[in-house]
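Computed from the coordinates by the stated procedures, all read-outs in this text should not be read as laboratory data. This structure is a prediction, so every number in the text was calculated from the model and none was measured. Glycine also receives a Cβ, built like all others from the backbone with ideal geometry; neighbour counts cover every protein chain displayed.
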Amino acid sequence: MTAALSVDRLEVVFDRFRALKGVSIEVQSGESFGLVGESGSGKSTLLRAIAGLAPAASGSITVNGKKLGTRRDKAFYREVQMVFQDPYGSLHPRQTVDRLLQEPLAIHGFADGEKRIQRALNEVGLGTGFRFRYSHQLSGGQRQRVAIARALILEPSILLLDEPTSALDASVQAEVLNLLEEIRRRRKLTFLMVSHDLAIITHMCERLMVMQNGEAVEHLTAGDLVERRVSKDYTRNLLRASEGFVRTA
Amino acid sequence: MSVEVIQSRRDWLLSERPASRMQARLGRAYVAWRRFSANRLAFLGLLIIIALLVVAAFADVLAPYSPTFGDLKGSRLLAPSAEHWFGTDDLGRDILSRVIFGSRWTLYVVILVAVIAAPIGLLVGTVAGYAGGWIDAILMRITDIFLAFPKLILALAFVAALGPGIENAVLAIAITSWPPYARIARAETLTVRNSDYIKAVQLMGASPFRIVLRHIMPLCISSLIVRVTLDMAGIILTAAGLGFLGLGAQPPLPEWGAMIASGRRFVLDQWWVAGAPGFAILIVSLGFNLLGDGLRDALDPRSGDQ
Amino acid sequence: MSTLLEVDDLRVTFPTRTGRIEAVRGVSFSLGRERLGIVGESGSGKSQTGRAIMGLTPPQAEVTASKLAFDGIDLLAASPRDRRALRGKRIAMILQDPKYSLDPVMSIGRQIVETLRTHEKVGKAEARARALAMLEAVQIRDPARVFDLHPHEVSGGMGQRAMIAMMLIAGPEMMIADEPTSALDVTVQLDVLGILDRLVSERGMGLIFISHDLRLVSSFCDRVIVMYAGKVVEQLKASELGRAQHPYTRGLLNCMPKIGADRHPLPVLDRKPEWAA
């Protein structure tokens, strides 16, 4: 089995602040890999560095056997797409759903746009009734579905998910998580998912990495977490916190 | 048209589920129009501008006399009367006719300046804001140089170099009025360039050119339209000022500023000669200002998303 | 148990271009010296309920109730001046993000002192001493240092503690906390809840804890009110959440992923129109 995505000793520095301190991961093709940590742990930075939105100071990123340079070419974007955390901020306020979905097709010169847009909307469970709406005419969950449709329309093999449900209500979150799982199964996608919520990561991913202050704390499988086989205190704290408030004394 | 038809048409426009690109666009325009027309003063501004357009378009029909030929013998400096509503000037020309024809020149100046200055400002501002770094530094320093001079003085310098005439006046005003638009466009660009929706387009593999043109510019346009409309009054006044100084429209063109200039010699005894074009400038400036205020409320994306 | 707050048939209505929108539609409950959780999703009216009790509803909205009484005082009949006096002094409120509720240009210590001095006549030295003690009570390790810091110089968790300190300095009898920990990391969240919990039980305050997180609320509060579309669909003891009757409450509990529960796909909420009726 080949690694779909591998990151080797990646460093990201913002104005002398080391946001990522030599982090390495390897994600197999078809696998779902989770990144867990609190704010400032560097988990989102890692995702953005892979997408080319954060500058890598050193280290390397390899996608499907191809090492990436500092500039991403168009072929990269057809392999790797991203879904952002805030569905209210990731859709252009002056564009209809139709326009949002057309843009990637126009950039990459697809001819069968009409068919692809309809299929993408159906795939995320929106249907064509939503096609000509502006983002302000959509609910949070619907917006996130549009964002997922936009990411899928170029038929990437790797999807980067940056806390895709943390801005949504619990019931909507379940729907979006189910949708993501279904899409992954159907399209045999590779997921790299960031979340602060251990429960979501264990639900969605087979393997995960716990991060703190820009460094890897430990690598685990979902099974390890279920059976509490963790070796670091930090992870143990996170696990305890995920169970809710416990009154002492 | 029956009430039901109007009602169903409104429902179609306000539909939350538009069925075509056209309906979505019209619906959006309709909402903006409703917000705009709810503002009475803005509506008054719009009426003034429409009136200006109508007068300019039908100047030939509306003007009772020729704007350039007067009766030197019998009708010099006549006071307003039933025959000459606004009186006549020192060359015996009917002032009403001159004001009516002058509206064409006013529109000509205003539209040409807007068409030249706004796109330059938009382009410079968005490119500077999106590119950042040294491109931003160079473009904005050039902008600063233009902003460092008072507008009229700079326009005067340009006209003096280019030679007097209304075309050169337009050019001079356009050259001096783009910098504020560039500033606005840049500020707007800076607020949106790090947003996730621009990041998302970057992740589609879009070129910087495409991002600026298709995703950032449309966001800057509404605030720019507002600003340009509000500036219209200033442009008219600058053009009038140049005309007044003899550097704009040349006689016998019935340009309002030039008319005031030639009427100032008898402003104490024959006030109507300078007063009528002055009043016209006042009304039109007011119209553009009211319109601009209304547009700001109707188009400003910050005032709640519809 | 003495009743602090009584709410009967509370309604909050917003006039909009397309008609009147009822954000809260007939909510009734009472609060003693206990921890009451109000849970619901966005648009359920939970925050508007808290704001209406606090008197912070936007002016264009209309608030009605057949009873809205705090310690026997009719809140709807009280003058704006009396309500202002109640706010801060006897009823306090904590909001989600301390970044927006603390004054950015005033040091944390001064804000706490100001709050205290608006409600009580105390000398400067005493006010400072009490503010420091309060900062210590919310488990800020170095209160003297934090006293002089500005809100942007502290972390989210520290800011929220400072906010709690500011709200508690005048010794309120009731506190409304609207998503007080949602902007915080999970581990910090529990620290802040621990502080809140201790203060409430030590001082015998009544607490209304508004949140979208049913599991967090049920582990923290004594009683839980579940709201949906502006109405209370279920009221129950937190310990009996497992025996919730209403399908909405059960759906909400079920649809969250849990560590160890291998459910693919997750059960989703099948919203029934009659819940909102």
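For the pair the stretch B:197-239 / the stretch A:221-242, the C-alpha centres are spaced 50 Å from each other. Ignoring the sites themselves, chain A has its longest run without trypsin sites (Lys or Arg not before Pro) in a DSSP loop having at most 12 other Cβ atoms within 10 Å at A:72-187.
Going through the stretch B:72-114, which trypsin sites (Lys or Arg not before Pro) have at most 13 other Cβ atoms within 10 Å and a DSSP loop state? Counting only loop positions with at most 13 other Cβ atoms within 10 Å, the trypsin sites (Lys or Arg not before Pro) in the stretch B:72-114 are B:73. Our analysis of the stretch B:131-177 gives Rg over Rh at 1.12, with the two radii drawn from alpha carbon positions and Rh computed by the Kirkwood formula. Annotation for residue C:76 and residue A:106: the two label points, set 7 Å from Cα along the Cα-Cβ direction, are 5.4 nm apart. Most simply put, the protein assembly as shown has about 55% antiparallel DSSP beta bridges, counting only bridges with both residues inside it.
When only DSSP loop residues count, what trypsin sites (Lys or Arg not before Pro) in the stretch B:205-306 have their Cβ near at most 12 other Cβ atoms within 10 Å?
B:302
In this simple spin-label approximation, residue B:30 and residue A:114 carry label points 7 Å from Cα along the Cα→Cβ vector, and these lie 2.6 nm apart. Working note: Cα atoms of the stretch C:40-138, range along each principal axis, descending, whole Å: 45, 31, 24. Taking chymotrypsin sites (Phe, Trp or Tyr not before Pro) in DSSP loop conformation with at most 16 other Cβ atoms inside 10 Å as exposed sites, chain B has its longest uninterrupted site-free stretch at B:86-270.
Summary: within chain C, the longest segment free of trypsin sites (Lys or Arg not before Pro) located in DSSP loops with at most 14 other C-beta atoms within 10 Å is C:142-262. Here, the stretch A:88-208 has an Rg and a Dmax of 14.2, 42 Å when only alpha carbons are counted. Here residue A:128 and residue C:42 are evaluated by their C-beta separation; at R0 = 41 Å the FRET efficiency comes out at 0.95. Two tests apply to each whole DSSP H helix in chain B, Cα reach of 27 Å or more along its axis and mean Kyte-Doolittle hydropathy of at least 0.0, and the ones passing both are B:95-131, B:166-193, B:217-244, B:272-299.
Note that chain A shows a convex hull volume over its alpha carbon atoms of 146 Å³ per residue. Among the listed pairs A:21/A:43; B:199/C:99; A:21/A:188, which are separated by more than 22 Å between their Cα atoms? Going by Cα-Cα distance, B:199/C:99; A:21/A:188 fall outside the 22 Å limit. Evaluated at 25 °C with a viscosity of 0.890 mPa s, what Stokes-Einstein diffusion coefficient in µm²/s does the stretch C:139-234 have when Rh comes from the Kirkwood expression over alpha-carbon pairs? In µm²/s, the coefficient rounds to 168. Divide the volume of the convex hull around the Cα atoms of chain C by the residue count and you get 155 Å³ per residue. Could you work out, for the stretch B:29-155, what percent of all Cα-Cα pairs fall into each 10 Å distance bin, beginning at 0 Å and stopping at the bin that holds the largest distance? Here the calculated profile for the stretch B:29-155 is 11, 22, 23, 23, 14, 6, 1. Here's the list of aspartates and glutamates a cross-link from residue C:67 could span, going by alpha-carbon distance under 12 Å and ignoring same-chain residues fewer than 8 apart: C:6, C:8, C:9.
With contacts taken as Cα pairs under 8 Å and at least 6 residues apart, chain C reaches a relative contact order of 24 percent.
Per-residue Karplus couplings for the stretch A:112-124, computed as 6.51 cos²θ - 1.76 cosθ + 1.60 with θ equal to phi - 60°, are listed in order as 8, x, 3, 5, 5, 5, 4, 5, 4, 5, 5, 5, 8 Hz, Gly and Pro entered as x. Proximity of backbone amide H atoms, modeled 1.01 Å from N, is registered between residue A:5 and A:27, A:64 at under 5 Å, excluding neighbours fewer than 5 places apart on the same chain. Expressed as an acute angle from 0 to 90° and rounded to the nearest 10, what is the orientation of the C-alpha long axis of helix C:80-89 relative to the principal long axis of chain C? In chain C, helix C:80-89 runs at an angle near 80 degrees to the longest axis. Here the protein assembly as shown has an Rg and Dmax of 33.1, 110 Å, counting Cα atoms alone.
The distance separating the Cα centre of the stretch C:1-50 from that of the stretch C:73-143 comes to 25 Å. Taking the dipole about the Cα centre of the stretch B:32-299, with the C-beta of Lys and Arg at +1 and of Asp and Glu at -1, give me whichever of B:146, B:275, B:81 is farthest to the positive side. Selected residue: B:146. Separation of the stretch B:57-133 from the stretch A:48-118 is 52 Å, based on Cα centroids. Just so you know, the averaged projected area of the alpha carbon convex hull for chain B sits at 20.6 nm². 3J(HN,Hα) along the stretch C:93-106: 9, 10, 9, 4, 10, x, 4, 8, 9, 9, 6, x, 9, 10 Hz, from the Karplus curve 6.51 cos²θ - 1.76 cosθ + 1.60 with θ = phi - 60°, whole Hz, x for Gly and Pro.
Helix A:140-152 axis versus longest C-alpha principal axis of chain A: approximately 80°, rounded to the nearest ten.
Rounded to the nearest 0.05, what FRET efficiency do residue C:203 and residue B:194 have when you use their Cβ-Cβ distance and R0 = 45 Å?
Approximately 0.50, to the nearest 0.05.
Other residues whose C-beta falls under 14 angstrom from the C-beta of residue C:212 contribute a net charge of -4, scoring Lys and Arg +1 and Asp and Glu -1. When Rg and Dmax are taken over the Cα atoms of the stretch C:98-171, they come to 10.9, 32 Å. Over the stretch A:20-68, the hull volume per residue, using the convex hull of the C-alpha atoms, is 84 Å³. Other residues within the sphere of radius under 13 Å centred on the Cβ of residue A:234, judged by their own Cβ, net out at -2 (K and R +1, D and E -1). Sorted from longest to shortest, the spans of the Cα atoms of the stretch B:133-276 along the three principal axes equal 70, 28, 21 Å. Against the empirical 2.2 N^0.38 Å (N residues), the stretch A:20-161 has a Cα radius of gyration ratio of 1.12.
Backbone amide hydrogens, once placed in the peptide plane, bring residue C:184 within less than 5 Å of nothing, excluding anything fewer than 5 places away on its chain.
With the simple spin-label model, which puts each label point 7 Å out from Cα in the Cβ direction, the residue C:2 to residue B:71 separation comes to 9.8 nm.
The magnitude of the dipole of chain A, with charges of +1 and -1 set on the Cβ of Lys/Arg and Asp/Glu and taken from the Cα centre, is near 480 debye.
Ordering A:132, A:118, C:252 by the projection of their Cα atoms onto the charge dipole of the protein assembly as shown, which places +1 on the Cβ of Lys and Arg and -1 on the Cβ of Asp and Glu, puts A:118 at the extreme positive end.
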